[in-house]
Amino acid sequence: MCLAVPGRIVTIEGDDPILRAGIVDFSGVTKRVNLSYVPDAKIGDFVLVHVGFAISTVDEEEAAKVFSYLREMGDLAELVDQGEPKP
Amino acid sequence: MKFIDEYRDRESAEGYARALRRITTRHWTLMEVCGGQTHAIVKFGVDELLPPGVELVHGPGCPVCVTPLELIEKAIEIAARPEVIFCSFGDMLRVPGRDRDLLAVKSAGGDVRIVYSPLDAVTIAEKHPDREVVFFAVGFETTAPANAMAVFQAAQKGITNFSLLVSHVLVPPAMEAILSSAQTRVQGFLAAGHVCTVMGFTEYEPIAARYKVPIVVTGFEPLDILQGVFMCVKQLEEGRHEVENQYARAVRRHGNQPAQQLVDEVFRVVPRKWRGVGEIPQSGLGLQPRYDAYDAELKFDVVHRVLDEPKECISGLIMQGLKKPNECPAFAGVCTPEHPLGATMVSSEGACAAYYRYRRVAFDPQGEVQGHGR
Ligand code: SF4
């Protein structure tokens, strides 16, 4: 129900902030999406779309952190393992 | 698909599972709030990657599942009227009412239509000025901005043959209701990421402090969930109880403010009944009095219907994290997705449906091997 899918903005139209809309590309499938809740989003940005509305922009820098966090945790865990050898 | 596929990577998932095993020293029970997360957990077997000490229980986070029987009955009554075009998200059509569902109304000749967005319903109203178009506005905070916009646009365009049957629920009051129950087993929460894209997460800070539970705002892909579990267990092991944000690629601390503004313009906070749970104070949204003309309950005079839930369904206990679907005597026997007794068996995000679809083999009393999926 709260499913929201990331897609890339291809076009933006409409000057009225309430009617701001555009075409969003979900890996080849395109849909018309209301963009009034992401007033700063530009063409090329990724947005999360829920029932025809973009509800958030996707931050590319933050997106990579899931993987770097894992690396940090992995490194830390290895350090701890080396420091405290199990009997 | 970008921002999806990379978060399903098996190797990284196992990395998280290993890291989690290293830090877990005790038994911890966490609740994922959102039904979308429940679905992903059961589908991808995320729970099977966790160390034996870490248990996930499934929360009330499926708006379809918590819509009370009396609202379904109101929907059925309105949808059956000849002048009405009743529009809904597809999930609601098979939720059982007292003796039939919306799909049965449709088969009997009712004009019931599945729409993708509430704005589609507004467009239908514009095209059919001689009919009454009603949209079944179900959802959490994630969906509220879309439904608010539908009413707002209808009002701006002077469309008068459009109304909402509102069944909006709010997540933080439900989490508090669960935590304040004496029987609760929940020690930490994975908060629903998409609810937080709209609302931010400041509302959770007093809850984390008052009940001393860590709350981690979490996304929906397997790696998101594993990282959310890791962050939550890490806090528990370290004796911390803070609000942390795993889903920072989509969630900002104060959420989406233009969306919140329009929600406040159109809706106000009201008490709401949750199916299987009962009434929770200040746990839902209703239309502001200035939008009364768009309230289908007033328009069709169905405000005062009250109904009790069927007794055999234990979905209320499941959604409070007290039972698992396979502990229900009706599970996969009397109750199946084809003949659901409760809404948690209907929606793909309902815990019962997720278990039925992906875990039935493990629980089949006859031990017959059955295919997965529909
Ligand atoms: S299996 Fe069916 S009857 Fe049992 S709790 Fe789930 S929906 Fe209700």
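The number of residues in region B:250-295 being assigned to a strand (DSSP E or B), among the charged types (D, E, K, R) and in contact (Cβ under 8 Å) with a residue 24 or more places away in the chain comes to 3. For region B:290-315, the tally of residues that are under 21 Å from the mean Cα position of the chain (by Cα), near the ligand (Cβ under 9 Å from one of its atoms) and either within 14 Å of chain A (Cβ to nearest Cβ) or surrounded by fewer than 20 Cβ atoms within 10 Å (Cβ to Cβ) (or both) stands at 1.
With respect to (1) part of a strand (DSSP E or B); (2) within 8 Å of another protein chain (Cβ to nearest Cβ); (3) not basic (K, R), the lone exception for A:L3 is condition (1). Among the residues here, B:E132 qualifies as of a type in the set (D, E) and touching a strand residue (DSSP E or B) at 6+ places or on another chain (Cβ under 7 Å).
A quick yes/no check of all residues on (1) on the phi < 0 side of the Ramachandran plot; (2) modelled with pLDDT of 95 or more; (3) buried (at least 18 other Cβ atoms within 10 Å of the Cβ):
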| residue | (1), (2), (3) |
| --- | --- |
| B:V171 | yes, no, yes |
| B:S180 | yes, no, no |
| B:I215 | yes, yes, yes |
| B:V269 | yes, yes, no |
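Of the strands (runs of 3 or more DSSP E) lying entirely inside region A:15-68, those containing at least 2 residues that are more than 9 Å from chain B (Cβ to nearest Cβ) span A:21-26, A:29-34, A:46-50. Among the residues of region B:107-130, those that are within 12 Å of chain A (Cβ to nearest Cβ) and touching a Cys at 6+ places or on another chain (Cβ under 6 Å) comprise B:V115, B:A121.
Counting only residues that are within 8 Å of the ligand (Cβ to nearest atom) and in a loop (DSSP other than H, G, I, E, B), region B:324-335 holds 5 of them. B:Y355 meets the stated requirement of being among the hydroxyl-bearing types (S, T, Y), within 16 Å of the ligand (Cβ to nearest atom) and not in a loop (DSSP other than H, G, I, E, B). Out of B:E70, B:E48, B:E32, one residue alone is surrounded by fewer than 24 Cβ atoms within 10 Å (Cβ to Cβ), under 29 Å from B:R272 (Cβ atoms), under 27 Å from the mean Cα position of the chain (by Cα) and not aliphatic (A, V, I, L, M). It is B:E70. Of all the numbered requirements in (1) over 28 Å from A:P17 (Cβ atoms); (2) within 14 Å of chain A (Cβ to nearest Cβ), B:P82 misses one, and that requirement is (2).
If you filter region B:131-182 down to residues that are under 23 Å from B:V198 (Cβ atoms) and in a loop (DSSP other than H, G, I, E, B), you find that the one that is farthest from the other protein chains (Cβ to nearest Cβ) is B:L170.
The values are calculated or read from the model by the stated rules, or taken from the named source; none is laboratory data. These numbers come from a predicted model, not from an experiment. When we count neighbours, we look across all protein chains shown, and the Cβ atoms used for this are built from the backbone with ideal geometry, even at glycine.
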